[in-house]
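The values are calculated or read from the model by the stated rules, or taken from the named source; none is laboratory data. Computed from a predicted model, the values in this text were never measured in an experiment. Here the Cβ positions follow ideal geometry from the backbone for every residue, glycine too, while neighbour counts run over all protein chains shown. What goes into the accessible areas is simple: the full protein's heavy atoms, side chains included, and nothing from ligands, DNA or RNA. Shrake-Rupley method; radii C 1.70, N 1.55, O 1.52, S 1.80 Å.
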Amino acid sequence: MIKIAVLYYSRGKNTKETAEVIAGGMNETEDVEARIMSIDEADSVFISEAHAVVFGTPTYYANISWQMKKWFDESRNYKLEGKLGAAFVTEDYIGGGADVAIQTLVSHMMVKGMLVYSGCSALGHPYIHLGAVMIKSGDDSQKERAKIFGQRIAKKAKDLFEK
């Protein structure tokens, strides 16, 4: 069984709802167990057992939330090295800084020794470059992209870690 943690910070509902959609796409994949958890309620046992961790944050002033930054700064108790990592962000409008926020998450994952996977534009439509971006919850086309992002991460985790 491949385990994937979807770890997020959400002040409102957009980032949490996006995490739910992504995990839903992952859980459609056979032999994958994805669990969502806020950084305030992170299950250190599940994260340590997980093969992959996907991080999600709202975009504030063209960057990640300070709460997510603090989590990475203080995450010494979480074994992340060697795990597959991926990122998603939410923003209120196009151009709200999602590209910088995703790059920041990717940098933090790399510093922690994670293998970073984007979901990959090479797989075709929908094009997902560095990670998934949700503008507003409730948009079915964006939810479909987030679901596909989850499915792609689950497939890559299985490819890498299934024995």
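So the values come out like this:
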quantity: MRE, 222 nm, helices only [DSSP H, n ≥ 4, -39500 (n - 2.57), over the chain, to nearest 500]; calculated: -12500 deg cm²/dmol
quantity: Charge context of S65, other residues only, Cβ under 13 angstrom, K/R +1, D/E -1; calculated: +1
quantity: Accessible area of segment 1-79 belonging to carbon and sulfur atoms, whole % at 1.4 Å probe; calculated: 44 percent
quantity: Proximal lysines to K147, defined as alpha-carbon separation beneath 19 angstrom and excluding residues fewer than eight positions away on the same chain; calculated: K3, K13, K16, K136, K155, K156, K158
quantity: Prolate/oblate/rounded call for segment 70-118, Cα gyration tensor, a/c under 1.5 rounded; calculated: prolate
quantity: Residue with peak Gaussian network fluctuation, the chain [Cα springs, cutoff 10 Å], from I153, I94, I36; calculated: I94
quantity: Anisotropy class of segment 17-102 from Cα gyration tensor, a/c 1.5 cut; calculated: oblate
quantity: Segment 1-52: C-alpha gyration tensor shape, a/c 1.5 cut-off, then a/b vs b/c; calculated: oblate
quantity: DSSP loop GluC sites (Glu not before Pro) with at most 13 other Cβ within 10 Å excluded, longest remaining stretch of the chain; calculated: 82-161
quantity: Total formal charge among the other residues, if their Cβ is under 13 angstrom from that of V116, Lys/Arg +1 and Asp/Glu -1; calculated: +2
quantity: In Hz, Karplus ³J(HN,Hα) per residue of segment 155-160 (6.51, -1.76, 1.60; θ = phi - 60°; x = Gly, Pro); calculated: 4, 5, 4, 5, 4, 7
quantity: Sequence-distant residues sharing a close amide H with L115 (under 5 Å, placed H); calculated: G82, K83, L84, G85
quantity: Residues of segment 1-96: accessible area per residue with a 1.4 Å probe, Å²; calculated: 48 Å²
quantity: The chain: C-alpha pair distances exceeding 30 Å, %; calculated: 6 percent
